1. Considering every residue within region 34-42, establish whether at least one is within 49 Å of the chain's Cα centre (by Cα) and either farther than 30 Å from Lys129 by Cβ or in a loop (DSSP other than H, G, I, E, B) (or both).
2. Do any residues in region 55-78 that are among the acidic types (Asp, Glu) have Cβ atoms under 8 Å from those of residues that are surrounded by fewer than 14 Cβ atoms within 10 Å (Cβ to Cβ), where the two are at least six apart or on different chains, and which pairs are they?
3. Give the residue that is surrounded by the most Cβ atoms within 10 Å (Cβ to Cβ), with candidates limited to residues of region 49-93 that are of a type in the set (Asp, Glu) and under 29 Å from Phe119 (Cα atoms).
4. Return the only residue of Gln149, Gln135, Gln96 being exposed (fewer than 13 other Cβ atoms within 10 Å of the Cβ), without any contact (Cβ under 8 Å) to a residue 40 or more places away in the chain and out of contact with any strand residue (DSSP E or B) (no Cβ under 9 Å at 6 or more places or on another chain).
5. Looking at region 18-63 only, could you name the residues that are among the hydroxyl-bearing types (Ser, Thr, Tyr) and within 30 Å of Ala141 (Cα to Cα)?
6. Can Gln217 be described as surrounded by 11 or more Cβ atoms within 10 Å (Cβ to Cβ), at pLDDT 65 or above, farther than 30 Å from Pro23 by Cβ and among the polar types (S, T, N, Q)?
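The values are calculated or read from the model by the stated rules, or taken from the named source; none is laboratory data. Quick caveat, the model's predicted, so the values are computed rather than measured. Every residue, glycine among them, receives a Cβ derived from its backbone with ideal geometry; neighbour counts consider all protein chains shown.
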Amino acid sequence: MWQRLKRLFRAIFGGLIEKAEDPELILQQTIRDMREKVPQMQNNVAQVMATQKLLEKEVVTLEREIIDYDAKVKAAVKQGRDDIARTYITALQEKQIALERSKAQLETSTRATEQAKKFLQNYILQVKKRTSEAQQLVNEARAAKMQEQLSQTMASFQVGDDAGTFDEMRERIQRRAASAEAKMDLATSGTEAQIMDIERESLNLQVEDSLTAYKRQMGLIPDSPVSVGGDAGGEKTLGPSERSKALE
């Protein structure tokens, strides 16, 4: 039972943690951690270099002291002071031993300094490389997130409440347009509409008659009545409306 509960809790909390993990934030934090280590590493390299500088100065000092003791030994021997010469020789030997030890330490420190410099340079290069890769991954993560949002939006147009809303509104508008079209057909096909058409035609005929009268007064058309041949070959005088139609 305990194993089953343990497996259940791991599945629940593991899923929550996985959903809460944002790759972009994790990558940014990783880059910050790497950059924060650079000053500490630079400080360590500086300490190694400082040790090397101290050993170099110590070697120079010992070499100068050895030369000085050598001169003192020679001076004591010339003066016949063997006791003093022995004291200087003892000190000289101690300085020589210290010099050998310092040279060995300096050689080790020099190698350590070179290795530390190379390691720091390689680390800085890796930080720059990882930063570039992380930025690229962040951009890909943002693009993926945008695509997910777009896919969800597109899916809402196909299924779900949004699609139903669009379909419902489309159906209402189509029904409204069909109803308006039907009302227009009824309005234009009734008796009142036909009467209006006849009255409009009559008004147009009166306007044409008035126009013909104006033209006759201005001498633009002959003053004699317009006639056309009848069925028996005679002439028939036309009225104003008929004259207008004949002119047309």
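1. no
2. Close Cβ pairs (under 8 Å, with a partner that is surrounded by fewer than 14 Cβ atoms within 10 Å (Cβ to Cβ)) do not exist here.
3. Once the filter is applied, the top-ranked residue is Glu58.
4. Gln149
5. Pass one, region 18-63, residues among the hydroxyl-bearing types (Ser, Thr, Tyr): 30, 51, 61.
Of everything in region 18-63, just one residue is among the hydroxyl-bearing types (Ser, Thr, Tyr) and within 30 Å of Ala141 (Cα to Cα), namely Thr30.
6. Here the answer is no, as Gln217 does not meet what is asked.
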